[in-house]
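Engineer: Sharing a structure below in structure tokens format, with a few things to ask.
The values are calculated or read from the model by the stated rules, or taken from the named source; none is laboratory data. Computed from a predicted model, the values in this text were never measured in an experiment. Don't worry about glycine lacking a Cβ; one is built from the backbone with ideal geometry, like all the others, and counts go over all protein chains shown.
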Amino acid sequence: MKHKPTVLVALIWIAGGAPALFAQEPSPDEAAIRANAQKYVEAYNRRDARALAAMWSPEAMYMNPLTGDAVVGRPAIEQQFAGIFAEAGDVKLEVNVESIDFVSPNVAIERGTARVIRPGQAPEDSTYRAVNVKRDGQWLVDRVSEEEAPAPPPSNYEHLQELEWMVGSWVDNNDPGVSIQTDCEWTKNRNFMTRSFAVVIGDQIGMSGMQIVGWDPAAKQIRSWVFDSGGGFGEGKWTRKENRWIIQSAGTLPDGGRATATNIVTRVDDNSFTWQSVNRGVDGELLPNVDEVLVVRKADE
């Protein structure tokens, strides 16, 4: 679908605060560009077309992405802003600078993102590229181009957020001398949760492994996959009943045997849950149930 950027976004010279990843202090020129940028955003949000136009170079040119018309020079840019503010109502601008690169001592390329907010409407996001020039010791905007921001990657967070309470570090100390430690965290985009676990006997790790929990869009169900250090692996299908998750599990043992079980996780509160395993079997032979045990969040959290 052909991109249709908004006039409001395309007209602005976008800038903002320094990204957190910059550890060193910006150069004086970069600091000046960022300071001007903040003033620009403030002028935009108070609808001051004259102050905005003054921050462009005298011969600056803006190409309207919707009409293809060129707006050249400060007077024309001021008039364009004034017309936009008269029609747009109570709009607000938020910006974030991602980088400033100096191609020469007097020319800097600025890249980042911008958001235009209108009451009662979805925000309009864009990415931008602004050319800044230094004239008589002052940095001014000379050109701006912008594009509609790419759609965020798909996420199944809405289906998994009911399990967000599991994020963190947990420990089961129900058996003397034995503890099971579990660490749970989100993957990027929150499409999966990973739960690493280790069975600690004394000061030695007896077994460890990894469980991945995710949303199956075909089955419309939460599923999990587990792999342990002994060579076993399995999968589970999750069903929720109030504060209880029932997990129908099936797996392959290191010797090739087939194991099945129904595991039950019951949330007690933000810092504790219980776990038990029933209907256990290996190759069709029933095994004793595992009694309910209490798992608590580690104290250092």
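Engineer: Filter the stretch 37-83 down to residues that are assigned to a helix (DSSP H, G or I) and crowded, with 18+ Cβ neighbours inside 10 Å, then give me how many there are.
Structural biologist: 13
Engineer: Step by step: first the residues of the stretch 133-155, then only those that are at pLDDT 85 or above and within 23 Å of Lys92 (Cβ to Cβ), then the one that is surrounded by the most Cβ atoms within 10 Å (Cβ to Cβ). Which residue is that?
Structural biologist: That would be Val141.
Engineer: In the set Ser224, Ser229, which member is assigned by TED's automatic domain parsing to the domain that holds Asn279, buried (at least 16 other Cβ atoms within 10 Å of the Cβ) and among the hydroxyl-bearing types (Ser, Thr, Tyr)?
Structural biologist: Ser224
Engineer: Can you find, within the stretch 128-151, the residue that is nearest to Ile109 (Cα to Cα) among those that are of a type in the set (Lys, Arg) and in contact with a strand residue (DSSP E or B) (Cβ under 8 Å, 6 or more places away or on another chain)?
Structural biologist: So, considering only residues that are of a type in the set (Lys, Arg) and in contact with a strand residue (DSSP E or B) (Cβ under 8 Å, 6 or more places away or on another chain), the one nearest to Ile109 (Cα to Cα) is Arg129.
Engineer: Determine whether the stretch 213-220 contains at least one residue that is hydrophobic (A, V, I, L, M, F, W, C), surrounded by fewer than 12 Cβ atoms within 10 Å (Cβ to Cβ) and over 22 Å from Leu287 (Cβ atoms).
Structural biologist: Yes, the stretch 213-220 contains a residue that is hydrophobic (A, V, I, L, M, F, W, C), surrounded by fewer than 12 Cβ atoms within 10 Å (Cβ to Cβ) and over 22 Å from Leu287 (Cβ atoms).
Engineer: Also: Taking the stated definitions as given, is Ala250 at pLDDT 95 or above, surrounded by 15 or more Cβ atoms within 10 Å (Cβ to Cβ), of a type in the set (A, V, I, L, M) and over 24 Å from Val167 (Cβ atoms)?
Structural biologist: no
Engineer: Take the conditions closer than 23 Å to Trp215 by Cβ and free of Cβ contacts under 8 Å to residues at least 40 places away in the same chain and apply them to Thr239. Does it pass?
Structural biologist: Judged against the criteria, Thr239 is a match.
Engineer: Working carefully through the options Asp300, Asp255, Asp283, Asp269, find the one that is surrounded by fewer than 15 Cβ atoms within 10 Å (Cβ to Cβ), out of contact with any Ser or Thr (no Cβ under 9 Å at 6 or more places or on another chain), closer than 24 Å to Ser179 by Cα and of a type in the set (Asp, Glu).
Structural biologist: Asp269
Engineer: Given the options Asn289, Asn263, Asn279, name the one that is at positive phi and either β-branched (Val, Ile, Thr) or over 30 Å from the mean Cα position of the chain (by Cα) (or both).
Structural biologist: Residue meeting the stated conditions: Asn279.
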